[in-house]
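Here's the structure, in structure tokens; my notes come after.
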Amino acid sequence: MSELSLSVACQGYDRVRALVDGRVRIEGCRANFLPLGPEEAFFRAFRHAEFDVSELSFSSYLMTLDRGDPAYVALPVFPSRMFRHSAVYVRSDRGIAAPKDLKGRLVGVPEYQVTAAVWVRGMLQDEYGVKPKDVRWRSGGLEEPGREEKLPLALPAEVELEPIAREKTLSRMLEGGELDALVAPRAPSCFVRGAPGVARLFPDFRPVEQAYFAMTGLFPIMHVIGIRRSLCEAHPWLAASVTKAFAQAKEQALAELADVTALAASLPWLPAEVEDTRRRMGADWWPYGVDANRRTLETLTRYAHEQGITRRRLAVEELFAASTLERTKI
């Protein structure tokens with residue numbers, strides 16, 4: 001059987017590096033990797049379905065699945081996960097000292113449906129009693145004017161969402177005081193530059209996020225790997241093979257992080273960080289697969305439905321290619 005040629009769009013994280021450099025191969029395939037950033041990969045995948053295999057925004061994928069027109073079928077492979085307490089930026093001169101102080105405020109977001117914002121809104125509601133309808137939302141480009149929602153929204157009537165002027169950006173509006181706060185997966189340039197009056201809602205976010213994990217067991221999933229649906233239908237073996245390869249690459253990355261012979265990342269206390277993470281989150285702190293992530297997946301599908309991202313609450317089993325819901329055991 002000749003090898004299947006695949007275009008694979010995914011950022012070059014340490015957990016996929018062994019796939020990119022060829023140490024791990026997708027069985028039966030010849031992969032051509034495109035190391036695209038998330039924003040570009042998502043836009044090209046959801047607008048034009050350009051890639052055979054692609055990193056996808058999980059919330060955008062849920063929207064396409066809910067609407068019955070998904071170009072991709074997801075695998076339980078999660079290349080991006082991140083606690084998002086650090087993603088809330090505020091004007092420090094507006095008396096916003098705690099999450100409850102966001103009620104009634106103007107809060108920017110690049111796109112209402114981005115997965116990071118879904119998690120932040122869910123966390124604010126579950127942990128602090130701040131509902132999406134309590135905030136006045138404004139959407140638009142974080143650093144470049146003219147950004148729009150990739151997919152059309154049908155939000156609950158009580159949620160206020162308006163686009164900012166096409167010539168403006170969220171970062172400049174936060175710096176200039178036109179917004180009270182901003183939720184963004186990427187740190188706005190005004191914060192990076194140290195602009196006066198711009199701060200994080202949770203300045204010391206690490207212990208807050210550690211306490212959140214200890215209490216909830218949730219390590220928020222941001223992105224998922226998807227395969228073009230037509231390819232999965234034509235090659236029933238492909239979904240399991242791609243899932244297996246990504247899992248092997250991730251295992252190599254975790255092993256490299258734990259190797260104290262030479263540091264795998266340019267962090268002087270990496271061994272201490274690995275040991276602390278393992279103690280708090282377990283030996284496999286970045287799990288793939290459905291069973292190990294069921295609680296996190298159920299929470300995300302609940303948030304998506306409660307916030308109007310999806311019209312119904314999707315079941316975990318319908319999110320992924322059927323062949324990836326179980327694995328071989330010896």
Please find, within the range 287-321, the residue that is farthest from Arg67 (Cα to Cα) out of those that are without any contact (Cβ under 8 Å) to a residue 24 or more places away in the chain and not in a loop (DSSP other than H, G, I, E, B).
-> Ala292
Are any residues in the range 1-31 closer than 12 Å to Val53 by Cβ and among the β-branched types (Val, Ile, Thr), and if so, which ones?
-> Val8, Val16, Ile26
Where Gln252 falls short, out of the listed (1) under 24 Å from the mean Cα position of the chain (by Cα); (2) within 30 Å of Val118 (Cα to Cα) | (2)
Just one of (1) at pLDDT 95 or above; (2) part of a loop (DSSP other than H, G, I, E, B); (3) not hydroxyl-bearing (Ser, Thr, Tyr) trips up Arg172, so point out which.
-> (2)
Would you confirm whether any residue within the range 204-223 is over 22 Å from the mean Cα position of the chain (by Cα) and either at pLDDT 95 or above or surrounded by 15 or more Cβ atoms within 10 Å (Cβ to Cβ) (or both)?
-> no
Report yes if some residue within the range 27-42 is closer than 16 Å to Thr243 by Cα and open to solvent by less than 20 Å² (accessible area, probe 1.4 Å); otherwise report no.
-> yes
List the strands (runs of 3 or more DSSP E) that sit entirely inside the range 1-77 and contain at least 2 residues that are more than 17 Å from the chain's Cα centre (by Cα) and over 19 Å from Leu231 (Cβ atoms).
-> none
Of everything in the range 120-157 that's outside any loop (DSSP other than H, G, I, E, B) and within 23 Å of Cys190 (Cα to Cα), which residue is most open to solvent (accessible area, probe 1.4 Å)?
-> Arg136
The lone exception for Leu179 - which of (1) under 29 Å from Ala117 (Cβ atoms); (2) open to solvent by less than 10 Å² (accessible area, probe 1.4 Å); (3) outside any loop (DSSP other than H, G, I, E, B) it fails = (3)
Residues satisfying the stated conditions in the range 132-169, i.e. in contact (Cβ under 8 Å) with a residue 60 or more places away in the chain and more than 24 Å from Arg81 (Cβ to Cβ) = Leu153, Ala154, Leu155, Pro156, Val159
Taking the range 48-72 as the search range and keeping residues that are closer than 14 Å to Leu34 by Cα and among the charged types (D, E, K, R), which one is surrounded by the fewest Cβ atoms within 10 Å (Cβ to Cβ)?
-> Glu50
Applying the selection to the range 182-212, what residues are in contact with a Phe, Trp or Tyr (Cβ under 6 Å, 6 or more places away or on another chain) and hydrophobic (A, V, I, L, M, F, W, C)?
-> Leu182, Phe191, Val198, Val208
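The values are calculated or read from the model by the stated rules, or taken from the named source; none is laboratory data. No experiment lies behind these values; they were computed from the predicted model shown. Here Cβ is always computed from backbone atoms with ideal geometry, including for glycine, and neighbour counts include all displayed protein chains. With ligands, DNA and RNA removed, areas are computed over all heavy atoms of the protein, side chains included. Shrake-Rupley method; radii C 1.70, N 1.55, O 1.52, S 1.80 Å.
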